[in-house]
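Have a look at the structure below before the remarks.
The values are calculated or read from the model by the stated rules, or taken from the named source; none is laboratory data. Since this is a predicted model, take the numbers as computed values, not measurements. Every residue, glycine among them, receives a Cβ derived from its backbone with ideal geometry; neighbour counts consider all protein chains shown. SASA here: full protein model, heavy atoms, side chains in, ligands and nucleic acids out. Shrake-Rupley method; radii C 1.70, N 1.55, O 1.52, S 1.80 Å.
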Amino acid sequence: MSTALAGFRARAGAPSPAIIVGYVAAYVALDWISFINPVGAFGITPWNPPPGLSLAFLLRYGTRQGGWLFVAALAAEFLVRGAPAPLPVLVAASLLLAVSYTALTALLVRVLHFRADFASLRDTVVFIAASGVVCAAVAIGFVALFARSGLLPPQEFWIGVTQFWIGDWIGIVVTTPALLLVTRRRERPAWRFTTEAFLQALLVALALWIVFGTRFGEQPKLFYVLFLPVIWIVMRHGMEGGVFAALPCSLASSPDALFDPFVTTKPRGTGLGLAISRSIIDAHGGRLWHEPRSPGSAFRFTVPAVRHAA
């Protein structure tokens, strides 16, 4: 028996009720936070950390806990999105997520002998590659489920697949390693806040400010600035440092920032148009969101219908 599989089985004890409740609550909370720029009213977003949380949970406690992923996913459909589809469709979608990411856990540990402490470059490559392939398959199945039910226009199928795939893959690659490293059971060296750590944190904040808080140029072209502090941290602290350096960059790069005041992708834009539009629509009980298009972008909004008394 391989050491990876033996270690997996050793950790795969049943989690306490508090951990299970905490996992489900965290899943719903992360789903609510990341429910931005969806395709339609469904959980198809460009940044989706709940799968990353779920994969870390399953890697820590074993594939037998996959049922709780189904519970968490179904709860999020009701609590976050207000049940946007008939119950059978929501159950099928939640079951697809639970089965797929439980299968990914089994594939990583039992077939690919992945070690959850990311002890080698091979573990990192295997993790990224396997999660990318499985996320692509899940994206096709998830979007097809809503499309075949007539709830998603056919012309939005591949847009939805692409957005779902990228959102889940980024959510896993950024979130899962951080949670696994934080919760590993071997002894960790005591954390010391050194001058260098302070300068690295300051550089991350400065890079984020340059990208999102200034008008030095078009925002997409400034994203390369974020590589500077991340590269420095990785060179000094390795994989663990890189994982935690990527977290604030991922959180700050939320596409919902387009609707923040003074945020613009145009060199001479004011950054007020979308912010004012959203505030007006929100005040009337509606919702304004962004959907990527090729080429360009689309902005959609809904407002409640007003019924006049006869």
task: Determine which single condition residue 120 fails, assuming it passes every other condition in (1) of a type in the set (S, T, N, Q); (2) over 18 Å from the mean Cα position of the chain (by Cα); (3) open to solvent by less than 20 Å² (accessible area, probe 1.4 Å).
output: (3)
field: Sole residue being hydroxyl-bearing (Ser, Thr, Tyr) and open to solvent by 40 Å² or more (accessible area, probe 1.4 Å), chosen from 131, 149
entry: 149
message: Let me confirm something: among 201, 205, 139, 197, which residue is among the hydrophobic types (A, V, I, L, M, F, W, C) and within 17 Å of residue 46 (Cα to Cα)?
response: 139
query: Which of the residues belonging to the range 91-136 are without any contact (Cβ under 8 Å) to a residue 60 or more places away in the chain and in a loop (DSSP other than H, G, I, E, B)?
result: 112, 119, 120
